[in-house]
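Just dropping this structure here.
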Amino acid sequence: MKTVETELYRHQLAEAAALQIELSKSIVLQPFKGSIRHIAGVDAAFIDNSIIAAACLYEFTPDKEISKKHLQKTDEKTVLRNVEFPYIPGFLSFREAPAMIEALRALESTPDVILVDGQGIAHPRGFGLASHIGVLMGLPTIGCAKSRLIGNYTEPDTVKGSTSELLIGIKKVGTVLRSRNNVKPLFISPGHLVDFNDSVRIVLECTTNYRLPQPIRCAHNLAGARKLKVVGH
DNA sequence: GCGACAG
DNA sequence: ATCTTGTCGC
């Protein structure tokens, strides 16, 4: 019995991995095209067998006067769905991407670029959550993870803006970025339709007083808030 | 065989 | 991700 289940499980994972490898061929790494007006952030929270995906939309306002109010929240959406895939390192997108994409599509404007709480191409098969969402939606995405999944690196300097390369052998797959002074670094990797430099540049443009870029922080808090309402009453 | 391992 | 208060540090 247990061996049969194990075999089925193995087949499903093998299929999922094959899909990632196939879809990864569609990834386009290139400098970001055009200008950014709308930028979104996505994250998720969990309750029992449900997932709450949250998407926050921000807009860059051309106000050169107020340098600190360049980013304004324009919209936010949450989605509550049943979870149909377990958490397995390397297969996170099959658990979170469906609900996240629904939340992103619900936004009143299509974002020019999306910041995702997870890896982009810094993944065993070069197809992390950010790349998955980017390719399926046909939109630019950037992977912004709080910890490492794969790759080697040297600790970047403790000063904000310091970076080091995330490498798999001699191949660069991402950038380890110190988003604030004396905080654990973020692992930035292109998801789709952006390159290494623009990924880091865009993340920094959305990061001010916290470790995480504003759109992702907002999505994180929103998912948590929605969760409290659900469990509250 | 022994670790590592996004959220 | 989630379970969880106070507490150390800039």
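Quickly estimate the mean residue ellipticity at 222 nm for chain A, helices only: each DSSP H run with n ≥ 4 gives -39500 (n - 2.57), and the total goes over all residues, rounded to 500.
-10500 deg cm²/dmol
Below 12 angstrom from the Cβ of residue A:100, what's the summed charge of the other residues (Lys, Arg +1; Asp, Glu -1)?
Every neighbour counted, the sum reads 0.
Order these peptides, A:55-62, A:11-18, by their mean beta-carbon neighbour count within 10 angstrom, highest first.
Packing proxy ranking, top to bottom: A:55-62, A:11-18.
Grab the other residues whose beta carbon is less than 12 angstrom from that of residue A:168, score K and R as +1, D and E as -1, and report the net. Don't skip to the answer; put the middle values down first.
Details: positive: A:125, A:148, A:171, A:172; negative: A:165.
Taking every Cβ under 12 Å from that of residue A:168, the sum is +3.
Given an 8 Å cut-off on Cα distances and at least 6 residues of separation, report the relative contact order of chain A as a percent.
Taking the mean separation of contacting Cα pairs over the length of chain A, I get 22 percent.
Using a 7 Å offset from Cα along Cα-Cβ at residue A:158, what residues in segment A:173-193 end up with backbone N under 12 Å from the label point?
Correct set: A:181-184.
Oh, and also: Quick one: which of A:219-229, A:157-167 comes out on top by average Cβ neighbours within 10 Å, and what's the full order, highest first?
A:219-229, A:157-167
Please list log₁₀ I(q)/I(0) at q = 0.09 Å⁻¹ for chain A, using the Debye equation with identical point scatterers on the alpha-carbon positions.
With one equal scatterer per Cα and no solvent, log10 I(q)/I(0) is -0.37.
Roughly speaking, what is the stretch gain from residue A:7 to residue A:19, that is 0.36 nm per residue apart minus the C-alpha to C-alpha distance, in nm to one decimal?
So the chain would gain 2.5 nm between residue A:7 and residue A:19.
While we're here: On the accessible surface of chain A, probed at 1.4 Å, how many percent belong to carbon and sulfur atoms? Display every interim value, and only then the final one.
On the way: 6260 of 11860 Å².
Here carbon and sulfur together make up 53 percent of the probe-accessible area.
While we're looking at this one, here's another question. Hey, which of these cross-link pairs are over 18 Å Cα-Cα: A:25/A:146; A:73/A:146; A:33/A:172; A:77/A:229?
Beyond 18 Å: A:25/A:146; A:73/A:146; A:33/A:172.
Let me ask something else about it. Can you compute the FRET efficiency between residue A:26 and residue A:229 using 1/(1 + (r/R0)^6), with r the Cβ-Cβ distance and R0 = 25 Å? Round to the nearest 0.05.
Once the sixth-power term is evaluated, E becomes 0.10.
Considering only DSSP beta bridges with both partners in chain A, what is the antiparallel share in %, to the nearest 5?
Around 85 percent of the beta bridges assigned by DSSP in chain A are antiparallel ones.
Report, in debye and to the nearest 20, how large the dipole of chain A comes out about its Cα centre when Lys and Arg carry +1 and Asp and Glu carry -1 on their Cβ.
The dipole of chain A has a size of about 500 debye.
Taking only C-alpha pairs under 8 Å that are 6+ residues apart, what is the relative contact order of segment A:85-216 in percent?
Normalised by residue count, the contact order of segment A:85-216 is 21 percent.
Here is a follow-up. In nm², what is the average projected area of the convex hull enclosing the Cα atoms of segment A:151-233?
It is 6.8 nm².
The values are calculated or read from the model by the stated rules, or taken from the named source; none is laboratory data. Quick caveat: nothing in here was measured; it's all calculated off a predicted structure. Every residue, glycine among them, receives a Cβ derived from its backbone with ideal geometry; neighbour counts consider all protein chains shown. For the accessible areas, the whole protein counts, side chains as well, though only heavy atoms, and no ligand, DNA or RNA atoms are used. Shrake-Rupley method; radii C 1.70, N 1.55, O 1.52, S 1.80 Å.
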